[in-house]
1. In Å and from the alpha-carbon atoms only, list the Rg and Dmax of segment 241-369.
2. Can you give the translational diffusion coefficient of segment 76-183 in µm²/s, computed by Stokes-Einstein from the Kirkwood radius over Cα pairs at 25 °C and 0.890 mPa s?
3. I want to verify the translational diffusion coefficient of segment 288-427 in µm²/s; compute it with Stokes-Einstein, Rh as the Kirkwood radius over Cα pairs, at 4 °C and 1.567 mPa s.
4. Please give, to one decimal in nm, the separation of the simple spin-label points placed at L443 and T548, each 7 Å out from Cα toward the Cβ.
5. Quick check on segment 498-594: what does the Kirkwood estimate of hydrodynamic radius come out to from the alpha carbon pairs, in Å?
6. Below 8 Å between Cα atoms, with a sequence gap of 6+, how large is the relative contact order for segment 601-653 in percent?
7. Just to confirm the filter: which chymotrypsin sites (Phe, Trp or Tyr not before Pro) across segment 164-242 are DSSP coil and have at most 15 other Cβ within 10 angstrom of their Cβ?
8. Treating only the Cβ atoms of Lys and Arg (+1) and Asp and Glu (-1) as charged, compute the dipole magnitude of segment 330-450 about its Cα centre; round to the nearest 20 debye.
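Readers should treat all values here as calculations from the given coordinates under stated rules, not as data from a laboratory. Everything numeric here is computed off the predicted structure, so don't read it as measured data. Please note: Cβ atoms are built from the backbone with ideal geometry, for glycine as well, and neighbour counts cover all protein chains shown.
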Amino acid sequence: MSSNNNEFAVIGTNPVRPDGVDKVTGHAIYGADVKLQGMLHGKVLRSPHAHALIKSIDFSKALKLPGVHAVITHDDFPEPSEKIMQTIRGAQPAAWDTERIMARRKVLFRGHPVAAICATDIHIAEDAINLIEVEYEVLPAVTTIEDALNPNAPILHDDGLSELVDGLFEEVEGQPSNIARTMELRMGDLDQGFADADIIIDRVYETAMAHQGYIEPHNGTAIWNRDGKLTVWTSTQGAFGIRQNLARTLNLSLGDLRVIPAEIGGGFGAKNVVYLEPIAALLSKKSGRPVQLSMNRTEVLEATGPTSGTRCFIKIGAKNDGELVAADLRLEYEAGAYPGSPVAGGARCALATYDIPNQRIIGLDIVVNRPKVAAYRAPGAPASGFGVEAVLDELARMIEVDPMKLRQKNGTSEGMPRSDGAVHGSIGVQEVITATMTHPHYLSEITKPDIGRGVAMGFWQNGGGESSAYANLHENGTVTLVTGSVDIGGQRAALAMQFAETLGIPYEDINSLVGDTDTIGYTGNTGGSRTTFATGWAVYQAALDIRTQIEERVASIWEVDTVDVNYNAKDATIYGPDNQKMTFKEISRRLPTTGGMIQGQADLVSTNVGKIGECYGAHIADVEVDRETGKVTVLRYTAIQDVGRAIHPDYCEGQIQGGAVQGIGMALNEEYVYSENGEMLNSSFLDYRMPVSNDLPMIDTVMVEVPNPGHPYGVRGVGEVPIIPPLAAIANAIFDAVGVRVQNLPASPQVLLEEMEVIKD
């Protein structure tokens with residue numbers, strides 16, 4: 001529970017979420033629920049090969065099937081108006097984005113779209129897909145980092161497009177390679193740091209490609225009107241990002257595009273990417289009818305963006321007393337078929353919890369014949385954090401010091417530099433460490449064999465960016481609050497709470513809505529733990545705008561200067577000279593007769609008005625290892641995190657618990673299993689094993705509140721950090737239980753049995 005309820009009226013409470021009733025009663029409209037008059041149903045033909053040249057495509061038989069209205073291939077996509085596009089991870093050939101959506105000359109992963117069709121019903125569309133004949137020239141598949149880095153490896157991007165961007169791919173011994181850019185972060189004198197070290201630990205850690213596991217598959221519905229305007233409904237974390245991508249892919253003006261976000265059945269970063277929307281749009285244009293496409297689960301797993309598989313080389317030097325003096329990291333991340341892994345996130349976050357004066361972090365973005373990766377909750381950080389936190393556990397045991405005391409000794413603080421050159425602001429590292437070391441879970445004893453305890457920490461920098469908020473004040477005193485942030489974790493409630501607090505009105509009097517690209521100003525994607533902070537700033541400013549207008553309106557009614565009128569948010573009352581006063585409800589009733597309705601508005605970049613609050617967490621895991629089967633059972637789990645100020649404590653707790661479970665899944669169960677030819681062998685939830693409720697104990701949470709001074713209500717992001725510590729916490733607990741130092745996750749029963757057998761020998 002929040003400790004700040006005495007300070008605020010609304011913030012720190014747990015009101016009912018605005019979308020709750022619709023969701024539990026089945027009235028919420030998700031992407032696949034959109035129904036339009038005359039709507040056709042589409043299906044995508046996907047490559048059965050991970051790497052192959054497309055020699056020919058013959059869809060003549062499919063077109064003859066009754067009920068089929070249109071077929072498209074890559075030839076139906078326009079040429080990009082610009083040859084190079086800018087992404088958050090640098091410049092890339094614009095044609096790649098189109099080719100990812102629909103293959104042109106070459107398929108680069110199993111499930112890569114080759115053609116698409118629309119028909120009067122889904123069954124006809126499925127039959128028609130099977131009538132399309134494609135001739136392939138199969139090429140050797142590159143499915144692992146090790147294979148990709150082999151000097152003799154097939155080159156995925158050999159069509160010359162990469163030459164449009166200078167230095168997009170590294171050369172190895174003067175030859176093209178599958179390494180898409182190398183990044184490097186440096187601080188201090190690395191050689192001197194290791195020379196000063198008494199202890200040096202040098203290890204390699206690997207993590208598997210893993211999926212976000214959202215319930216709702218990707219979908220898209222489009223109607224391309226005869227006036228050239230395109231409207232799209234989709235499940236997305238950011239309508240404006242989808243609009244930008246569609247405009248670029250289809251060579252449309254932004255003004256000719258409207259994107260309407262439906263309710264979203266999970267995303268965790270992965271629903272910021274377009275897959276089906278451009279296909280639905282072109283099928284609609286070609287058929288003259290609205291078209292809807294949805295993926296099945298196999299298509300989601302084979303053809304959308306999971307997180308990277310990784311290989312991390314971790315070298316850390318320390319003094320005999322545990323002082324960390326040097327760190328050298330080489331992070332190799334799978335990008336999938338096209339460049340753009342989250343290796344930069346892994347590099348920024350790996351060492352950000354600690355004060356290490358001498359460090360180097362090298363990050364490699366490596367293409368392989370797998371689907372292009374997408375964001376997944378704290379993108380890149382869980383893998384690099386696993387390696388660093390596992391080494392620190394090993395160091396603590398080597399020098400016989402409590403693992404949290406080691407972290408306490410080396411924990412960073414305000415004013416210290418991060419690996420990426422940024423300087424820490426107000427942060428709660430030491431507060432989190434103290435809360436962990438004093439927690440009953442940490443202080444409890446383990447008395448049974450084969451049970452172990454592990455700890456680990458994690459960091460995420462959180463996000464800001466552009467956001468918009470519009471608030472319409474109605475004459476009954478209620479407010480309709482519209483923002484551009486898609487709600488994936490309770491944002492409608494958290495934003496309405498900040499608005500209510502600013503005006504001093506009841507939360508229940510606010511109707512919190514998500515707008516589309518035609519009804520609200522530009523707003524960045526919901527992701528990276530930016531929304532409650534950044535859109536919260538916009539909401540706060542919109543509320544202040546309403547307050548100012550109310551003061552002006554009341555001053556006019558009283559015929560006094562505006563400076564003599566004061567809005568008091570404590571009781572939502574406007575005070576003036578001569579003991580005059582008017583409540584919020586009273587002025588609302590008088591709006592129609594005193595100048596009309598009032599709208600508050602804010603379109604802003606949050607970083608122009610506040611400072612993003614960095615976030616830290618620490619997790620404690622108790623596990624039991626069955627020596628006969630290799631099965632790991634999580635017995636007890638506690639997640640401690642600096643949440644800034646908990647706007648809605650229940651939501652904060654849910655975010656922490658959900659992230660912890662996903663991280664535990666990456667540690668114990670979850671992985672993409674591929675054959676040598678690039679076929680995914682576990683492309684269903686029957687075979688891709690995620691933790692379910694009966695696999696885990698209750699995830700206990702401790703919310704440490706160190707308010708962010710860069711936000712009016714102290715907001716930090718919450719949702720990213722909790723997925724980072726579980727990988728190392730579980731691995732460290734396994735070592736404590738049975739003496740096996742797991743360096744390759746997930747720690748499946750087979751892996752543990754093999755490792756325990758090695759120990760016996």
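1. Using the Cα atoms of segment 241-369, the pair Rg, Dmax is 21.1, 73 Å.
2. On the way: Rh = 16.3 Å.
Roughly 150 µm²/s, to the nearest whole number.
3. Working: Rh = 16.8 Å.
D, rounded to a whole number, is 77 µm²/s.
4. Modelled inter-label distance: 5.1 nm.
5. Working: mean 1/r = 0.0666 Å⁻¹.
The answer is 15.0 Å.
6. 31
7. Values: sites: F169, F194, Y205, Y214, W224, W233, F240; in loops: Y214.
Those that pass, being in a loop and sparsely packed, number zero.
8. Values: 12 positive and 14 negative charges, 66 e Å.
Approximately 320 debye in magnitude.
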